[in-house]
Amino acid sequence: MDIQKKQLDVVVVGGGLVGSLEALYLAKRGHRIRLYEFREDIRYTPQARGRSINLALSVRGRRALKDVGVETHMIEEHGIPMKARRIHRMDGSTYAIPYDARTKQCIYSVGRNYLNARLLQESENYSNVERYFKHKLVEANLRKGALTFLNTDTNETVHVTADLVIGADGAFSAVRKAMMKQPLFDYSQKYIEHGYLELCIPPDENGGFQMPANYLHIWPRGEFMMIALPNQDCSWTVTLFMPFIKFKNLDTKEKLLAFFEKYFPDSIDLIGKDKLIEDFFAGSPSPLVAIKCRPYHVEDKALLIGDAAHAVVPFYGQGMNAGFEDCTLLDQLFQKHNDNLAEILEEFSNSRWEDTFAISDLAMYNYIEMRDLVTRPSYLIRKAVDDFIFWLLPNFWVPLYNSVTFSTMPYSQCIKNREWQDRLLKKFFTFGGFAAAVGGAFALKLKYLK
Ligand SMILES: Cc1cc2nc3c(=O)[nH]c(=O)nc-3n(C[C@H](O)[C@H](O)[C@H](O)COP(=O)(O)OP(=O)(O)OC[C@H]3O[C@@H](n4cnc5c(N)ncnc54)[C@H](O)[C@@H]3O)c2cc1C
């Protein structure tokens with residue numbers, strides 16, 4: 001007898017990057033998906049969202065996009081390769097630090113709204129996906145899989161039930177709030193004392209890039225930094241990360257210009273003086289939060305993914321990539337457990353938290369690397385040593401950045417990897433130093449005994 005697989009009824013809360021991708025993965029498996037998104041349809045209002053205009057896409061994200069058939073388009077027709085960090089010194093001169101000198105892999109700058117719209121558009125190819133915009137989750141009984149949405153157009157409430165509720169509703173997740181009422185749910189959040197503000201370098205008068213395009217440009221200034229990622233229209237999204245107190249002190253255009261003339265002099269002409277003043281004072285700096293919680297599920301009924309489960313600070317360019325990896329891993333578990341939700345959700349919760357905690361810690365560390373360490377000789381020497389051993393023994397020695405960005409090694413393993421590499425190098429240099437000292441002493445002794 002042909003046993004028909006049960007079609008699960010899944011509600012995905014949040015039609016951002018991760019929710020839209022998850023809807024595609026589940027649609028491919030033949031389940032019924034209802035996607036509820038608080039905001040309007042991004043495909044028709046692309047200007048509607050404020051947060052970071054472009055994002056760095058790397059291997060983990062690419063693997064997920066490949067699974068749902070979107071990778072080739074995003075890489076070949078949209079993404080802009082960034083093959084190195086391009087460091088801007090105080091005097092305006094620049095130099096490049098390649099991301100992967102050995103295999104020449106790179107990260108890609110992609111438009112957030114463009115990618116989100118593309119994923120939503122792809123879901124139109126599946127008759128088993130329904131999309132509801134301007135629907136805000138206002139209440140949830142997760143054990144029953146019962147949700148209440150507010151239709152923000154009509155002010156009507158909508159009640160739905162599902163076999164599975166997936167909370168992909170971002171760092172301030174309403175699904176997670178409901179989950180917090182469960183016993184043994186651990187939660188912590190950390191706001192860092194730095195915020196970010198976005199500026200823009202427009203295209204030049206011929207419509208081209210004003211700076212070399214295939215780089216992630218960084219102005220590292222110790223306690224703070226500015227970065228720029230290229231956009232499809234040849235503009236640059238410039239993000240200034242800085243302590244809130246410093247933002248607060250720049251309260252007149254004279255102070256702002258003096259600050260830029262001191263720390264980022266080469267950027268003033270690129271941005272344009274008037275535009276710099278206008279854009280800087282048009283907005284206020286946004287906060288950055290890191291969230292850790294666990295478990296990610298409630299019985300066989302509800303699951304958190306993406307920023308809802310693990311918002312991280314953006315300095316490793318891994319928030320979206322990690323969220324996309326959640327979807328890939330979840331898909332593998334659907335396959336492994338033959339759609340048995342209790343087993344899938346439990347294994348996801350138990351196996352994923354260690355890696356998301358790890359990328360959260362790595363992202364915190366990378367802020368210090370980007371704004372400060374990259375300018376130090378010790379960092380450049382360590383990178384040269386890493387690159388050399390990686391070149392010599394590629395299967396044995398994978399540098400930290402490569403393992404995080406250009407591999408799918410579990411994030412916690414990336415940290416362990418780095419720890420044993422550090423230990424080995426320490427021993428090597430300690431022993432090397434000791435051997436050199438003994439050798440030197442021996443040579444001297446020989447000389448004077450003669
Ligand atoms: C400045 C900055 C730069 C970044 N750069 C990178 C980068 O280079 N690379 C990278 O990988 N990551 C980056 N990130 C992280 C990345 O933006 C996030 O990890 C990613 O957007 C998470 O996607 P998500 O779908 O989980 O959440 P979100 O993008 O927040 O989407 C959640 C969705 O849920 C909806 N929603 C919220 N509440 C409700 C509700 N009650 N009912 C219904 N819908 C709701 C929201 O409207 C939204 O559409 C960056 C983040 C920032 C802040």
Checklist entry - What number goes with the only condition from (1) within 11 Å of the ligand (Cβ to nearest atom); (2) in contact with a strand residue (DSSP E or B) (Cβ under 6 Å, 6 or more places away or on another chain); (3) open to solvent by 20 Å² or more (accessible area, probe 1.4 Å) that Y95 does not pass? => result (1)
Next on the checklist: Every residue in region 121-150 that is without any contact (Cβ under 8 Å) to a residue 24 or more places away in the chain and more than 24 Å from L345 (Cα to Cα), please.
Outcome noted: E124, N125, S127, L150
Item to check | Any chance F172 is away from the ligand (no atom under 14 Å from the Cβ) and surrounded by fewer than 19 Cβ atoms within 10 Å (Cβ to Cβ) | outcome: no
Checklist entry - In the list E205, E223, which residue meets the criterion of being at pLDDT below 95, assigned to a loop (DSSP other than H, G, I, E, B) and over 17 Å from A56 (Cβ atoms)? => result E223
Checklist entry - What number of residues within region 141-151 are within 19 Å of L303 (Cβ to Cβ) and near the ligand (Cβ under 10 Å from one of its atoms)? => result 2
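Based on this model, can you work out whether A282 counts as within 14 Å of the ligand (Cβ to nearest atom) and out of contact with any strand residue (DSSP E or B) (no Cβ under 9 Å at 6 or more places or on another chain)?
In short, no.
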Checklist outcome for this item: Filter region 129-140 for residues that are closer than 22 Å to K181 by Cβ and surrounded by fewer than 16 Cβ atoms within 10 Å (Cβ to Cβ); the one that is nearest to the ligand (Cβ to nearest atom) is V138
Item to check | Hits in region 152-168 - residues which are out of contact with any His (no Cβ under 7 Å at 6 or more places or on another chain), within 13 Å of the ligand (Cβ to nearest atom) and assigned to a strand (DSSP E or B) | outcome: T157, V160, V165, I166, G167
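Inside region 358-382, can you point out the residues that are assigned to a loop (DSSP other than H, G, I, E, B) and not acidic (D, E)?
Result: R376, single match.
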Checklist entry - For residues in region 9-47 being out of contact with any helix residue (DSSP H, G or I) (no Cβ under 7 Å at 6 or more places or on another chain) and of a type in the set (A, V, I, L, M), which is farthest from the ligand (Cβ to nearest atom)? => result L26
Checklist entry - Identify, please: which residue in region 285-312 is within 8 Å of the ligand (Cβ to nearest atom) and within 13 Å of the chain's Cα centre (by Cα) and is, among those, most open to solvent (accessible area, probe 1.4 Å)? => result D307
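Does region 151-162 hold any residues that are open to solvent by 40 Å² or more (accessible area, probe 1.4 Å) and touching a residue at least 12 places away in the same chain (Cβ under 8 Å), and which are they?
T152, D153, T157, V158, H159, T161
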Checklist entry - Would you pick out the residues in region 371-419 that are among the polar types (S, T, N, Q) and closer than 30 Å to L240 by Cβ? => result T375, S378, N402, S403, T405
Checklist entry - Looking at region 195-202, is at least one residue more than 11 Å from the ligand (Cβ to nearest atom), open to solvent by 20 Å² or more (accessible area, probe 1.4 Å), without any contact (Cβ under 8 Å) to a residue 24 or more places away in the chain and over 22 Å from the mean Cα position of the chain (by Cα)? => result no
Checklist entry - Does L57 qualify as being within 8 Å of the ligand (Cβ to nearest atom) and open to solvent by less than 60 Å² (accessible area, probe 1.4 Å)? => result yes
Checklist entry - So which pairs qualify, if the first residue must be in region 247-274 and under 22 Å from H194 (Cβ atoms), the second must be open to solvent by less than 20 Å² (accessible area, probe 1.4 Å) and among the small types (G, A, S), the Cβ gap must be under 9 Å, and the two must be at least 6 apart or on different chains? => result F247/G195; F260/S267; S267/A228
Next on the checklist: I need the full set of residues from region 178-194 which are crowded, with 16+ Cβ neighbours inside 10 Å and not small (G, A, S), in order please.
Outcome noted: M179, I192, H194
Checklist outcome for this item: Note on region 313-344: residues free of Cβ contacts under 8 Å to residues at least 60 places away in the same chain, within 23 Å of the chain's Cα centre (by Cα) and under 17 Å from V12 (Cα atoms) are L329
Checklist entry - Exactly one of (1) under 26 Å from M211 (Cα atoms); (2) within 14 Å of the ligand (Cβ to nearest atom); (3) surrounded by 15 or more Cβ atoms within 10 Å (Cβ to Cβ) is unmet by I277. Its number? => result (2)
Next on the checklist: Conditions first: (1) closer than 30 Å to S349 by Cα; (2) in contact with a helix residue (DSSP H, G or I) (Cβ under 7 Å, 6 or more places away or on another chain). V289 passes all but one, so which condition is the exception?
Outcome noted: (2)
Next on the checklist: With the requirement that a residue be under 21 Å from the mean Cα position of the chain (by Cα) and either among the hydroxyl-bearing types (S, T, Y) or open to solvent by 10 Å² or more (accessible area, probe 1.4 Å) (or both), what does region 14-36 give you?
Outcome noted: G16, L17, V18, S20, Y25
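The values are calculated or read from the model by the stated rules, or taken from the named source; none is laboratory data. Source: prediction; values computed, not measured. As a convention, Cβ positions derive from the backbone with ideal geometry for all residues, glycine included, and neighbour counts pool all protein chains shown. Side chains are part of the model used for accessible areas, which takes the heavy atoms of the whole protein and leaves out ligands, DNA and RNA. Shrake-Rupley method; radii C 1.70, N 1.55, O 1.52, S 1.80 Å.
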